[in-house]
Amino acid sequence: MLKSAGLFSIFLIFCVLALPAKDTFSPYTRADEVPQSANALWKGYDSKAEPLEVKVHHEWKEGGVISRLVSFKVGTFKGAGARIAAYYCFPENGKKNPAF
């Protein structure tokens, strides 16, 4: 009895893990659904609905500038998390400086 209960528990866990994740955005199916402005594109989007899951992959200092290679989650697409990578740079002195 215990063995079958354990196997059933494992089966349930795999079933739950196999459930598709809800996508952040749904694809457009008709041309008239495509937003015609930036405001229309982001209408109803909740930027705090999913965590960003920011990761710092590399950081270095050179010439008074701190640079970081970071990535962050931008949503779920086709059941998988999608990430964007970017460089984040700022002055080491912490003062207001011209953009670079």
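The values are calculated or read from the model by the stated rules, or taken from the named source; none is laboratory data. Because the structure is a prediction, the values reported are computed rather than measured. All Cβ positions, glycine included, derive from the backbone under ideal geometry; neighbour counts span all protein chains shown.
Observations, loosely collected:
Let's see how each residue does on (1) exposed (fewer than 10 other Cβ atoms within 10 Å of the Cβ); (2) modelled with pLDDT of 85 or more:
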{"residue": "LEU17", "(1), (2)": "yes, no"}
{"residue": "ASP23", "(1), (2)": "no, no"}
{"residue": "PRO35", "(1), (2)": "no, yes"}
{"residue": "ALA49", "(1), (2)": "yes, yes"}
{"residue": "HIS57", "(1), (2)": "yes, yes"}
{"residue": "LEU69", "(1), (2)": "no, yes"}
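- Being modelled with pLDDT of 85 or more, among the hydrophobic types (A, V, I, L, M, F, W, C) and in contact with a strand residue (DSSP E or B) (Cβ under 8 Å, 6 or more places away or on another chain) is true of VAL65.
- Test set (1) of a type in the set (D, E, K, R); (2) under 20 Å from the mean Cα position of the chain (by Cα); (3) surrounded by fewer than 11 Cβ atoms within 10 Å (Cβ to Cβ) - LYS73 fails condition number: (3)
- Of all residues making up the stretch 81-100, the number that are outside any loop (DSSP other than H, G, I, E, B), farther than 13 Å from GLU50 by Cα and of a type in the set (A, V, I, L, M, F, W, C): 5
- Residue list for the stretch 30-55, restricted to those being assigned to a loop (DSSP other than H, G, I, E, B), aliphatic (A, V, I, L, M) and more than 21 Å from the chain's Cα centre (by Cα): VAL34
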